[in-house]
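Below: one structure, written as structure tokens.
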């Protein structure tokens with residue numbers, strides 16, 4: 001925090017000179033970049049496909065979760081009973 005305060009104080013003591021005119025080279029680069037951005041292909045149609053893919057993935061996720069909760073897996077209950085009996089037998093010895 002001390003270094004940050006020192007930086008702010010140094011910036012406050014710096015001379016306040018108004019900026020000069022924009023150099024021609026900088027203006028040329030800015031305009032060239034704007035033209036290059038405008039020349040790029042329009043890929044906004046791709047966002048629609050991403051939305052469809054995301055919605056499909058969410059639907060598959062929800063169906064899988066619902067299916068896993070709906071399944072009647074009695075073997076897992078049998079495993080729990082077996083483990084409970086084993087624990088009780090080992091604690092009684």
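Readers should treat all values here as calculations from the given coordinates under stated rules, not as data from a laboratory. Here the structure is a predicted model, which is why all the values come from computation and not from measurement. Note that we place each Cβ from the backbone using ideal geometry, even for glycine, and neighbour counts take in every protein chain shown.
Quick notes on this one:
- Ellipticity estimate at 222 nm from DSSP helix runs (n ≥ 4, -39,500 (n - 2.57)) divided over the chain, nearest 500: -26500 deg cm²/dmol
- With a simple spin-label model that places each label point 7 Å from the Cα along the Cα-to-Cβ direction, the separation between residue 5 and residue 83 comes to 5.8 nm.
- Summary of packing: across the peptides 28-40, 12-24, the per-residue average of other C-beta atoms within 10 Å ranks them, highest first, as 28-40, 12-24.
- Cα shape, the chain, gyration tensor, a/c 1.5 rule: oblate
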